[in-house]
1. Counting DSSP beta bridges in the chain, what percent are antiparallel, to the nearest 5?
2. Given the -39500 (n - 2.57) contribution per DSSP H run of 4+ residues, what per-residue ellipticity at 222 nm results for the chain, rounded to the nearest 500 deg cm²/dmol?
3. Can you tell me the relative contact order of the chain? Whole percent, Cα pairs under 8 Å, sequence separation 6 or more.
4. What order do you get for LYS57, LYS104, LYS152, LYS16 when you list them from fewest to most C-beta neighbours inside 10 Å?
5. Only Cα pairs under 8 Å and at least 6 apart count here; give the relative contact order of the range 24-93 as a rounded whole percent.
6. Build a GNM of the chain with springs between Cα atoms under 10 Å: which of VAL19, VAL98, VAL85 gets the top mean-square fluctuation?
7. Within the set of other residues whose C-beta is less than 14 Å from the C-beta of VAL80, count the net charge using Lys and Arg as +1 and Asp and Glu as -1.
8. Could you tell me whether the chain comes out rounded, prolate or oblate from its Cα gyration tensor? Rule is a ≥ b ≥ c as square roots of the eigenvalues, rounded for a/c under 1.5, then prolate if a/b exceeds b/c, otherwise oblate.
Amino acid sequence: MIEELLSANKNFMAKKTPVVSKYPRLRLAILTCMDARLVELVEPALGLARGDAKVIKNAGNILDQGALRSLVVAVYLLGVGEIIVIGHRDCGMVGVDVQALRQKMLARGVPEGAIAELNLVEWIGTFADETENVRRVVMQIRNSPLIPRDVKIHGLMMDPDTGCVEVVNQNQ
Ligand SMILES: [Zn+2]
């Protein structure tokens, strides 16, 4: 697999990529899901181009410590003044069987203690509905003492097949 990517990179280098600033042109950060269907979908569906926004991704666009730390960097070091949480229909994080996941990890040799540190039930067990999750994450960011009040926070839901969005929260 990696060979294919390296070969693609050689071809890619044949054309010139314009240099853009690391400071997002729209002063925007997006927190969205790692779902493969959102690759090359989220940005064009919202009219975003390279250099326009910081994009943070994880499984289920949740506000874990990693996402929060990235938002802190985006706000204080990269000039972000607006955050959009983008969830999507048919998210793989809904309806995950926590016990089945645990069993799979044990079967692959992961120690019990390492699995316990993931807090599977608290992390995945609470993910019941994509829209509810977006609402919750927007509230968590809004209520975080690390994110200043003047930062605007919105929530959107995206259809992973068409890119169509609906507004869940606007400027909370
Ligand atoms: Zn997802």
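1. The antiparallel proportion sits near 20 percent.
2. -10000 deg cm²/dmol, from helical runs alone.
3. 24
4. In increasing order of surrounding Cβ atoms, one gets LYS16, LYS104, LYS152, LYS57.
5. Contact order relative to length: 50 percent.
6. Its mean-square fluctuation being the largest, the pick is VAL19.
7. Taking every other residue near VAL80 into account, the sum is +3.
8. Judged from the Cα gyration tensor, the chain comes out oblate (a/c at least 1.5, b/c at or above a/b).
Here, each number is a calculation from the coordinates, and none is a lab measurement. Source: prediction; values computed, not measured. Note: ideal-geometry Cβ built from the backbone for every residue, glycine included; neighbour counts use all protein chains shown.
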